[in-house]
Amino acid sequence: MSFLYPRTISIGRQTPVTGGGVKSYSGMQPAQETPVAAGLPASIQLDKERGKTEANLPADSSKTLWRVFIPLGYAPLGLIQSRDIVTDDLSARYQVLGMYWNSLGHNLLCERLEA
């Protein structure tokens, strides 16, 4: 943890569901995730709002996009993939929509997952 990267995150990946037939709901549950990395320093910044959810219910909040920056040397290139789940030190969860890697480290575009 540092001034530039004051947060700590972990990365998880959903376990693929295999087999056929009727199955119970298994999407986006922390118990269904395989840990990929933990204890990574990060900076999490609001990028923009994307409007309301598709259901457009009165109590729905707007979707938000976030940038998660991980410094070089903490997560090798290829470790983080699209659709991975980022969980921060405050238990907020984000799904990776896209990632960019350069000489400064990872830059992840994420959508906040709301319960």
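The values are calculated or read from the model by the stated rules, or taken from the named source; none is laboratory data. As the structure is a prediction and not an experimental result, all values here were calculated from the model. Don't worry about glycine lacking a Cβ; one is built from the backbone with ideal geometry, like all the others, and counts go over all protein chains shown.
Below, the figures for the structure above:
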| read-out | value |
| --- | --- |
| Enumeration of residues in the range 92-115 that are in a loop (DSSP other than H, G, I, E, B) and over 11 Å from the mean Cα position of the chain (by Cα) | S103, L104, E114, A115 |
| Evaluation of L46 against (1) surrounded by 12 or more Cβ atoms within 10 Å (Cβ to Cβ); (2) aliphatic (A, V, I, L, M); (3) modelled with pLDDT of 65 or more (one fails), failing number | (1) |
| Selection within the range 69-87 - of a type outside the set (A, V, I, L, M, F, W, C) and surrounded by 17 or more Cβ atoms within 10 Å (Cβ to Cβ) | D84, T87 |
| Number of the condition not met by N107 [criteria: (1) crowded, with 16+ Cβ neighbours inside 10 Å; (2) at pLDDT 95 or above; (3) not charged (D, E, K, R)] | (1) |
| Subset of the range 67-115 (residues that are basic (K, R) and within 21 Å of T34 (Cβ to Cβ)) | R83, R93 |
| Some residue of the range 12-21 being modelled with pLDDT under 95, in contact with a helix residue (DSSP H, G or I) (Cβ under 8 Å, 6 or more places away or on another chain) and surrounded by fewer than 16 Cβ atoms within 10 Å (Cβ to Cβ) | yes |
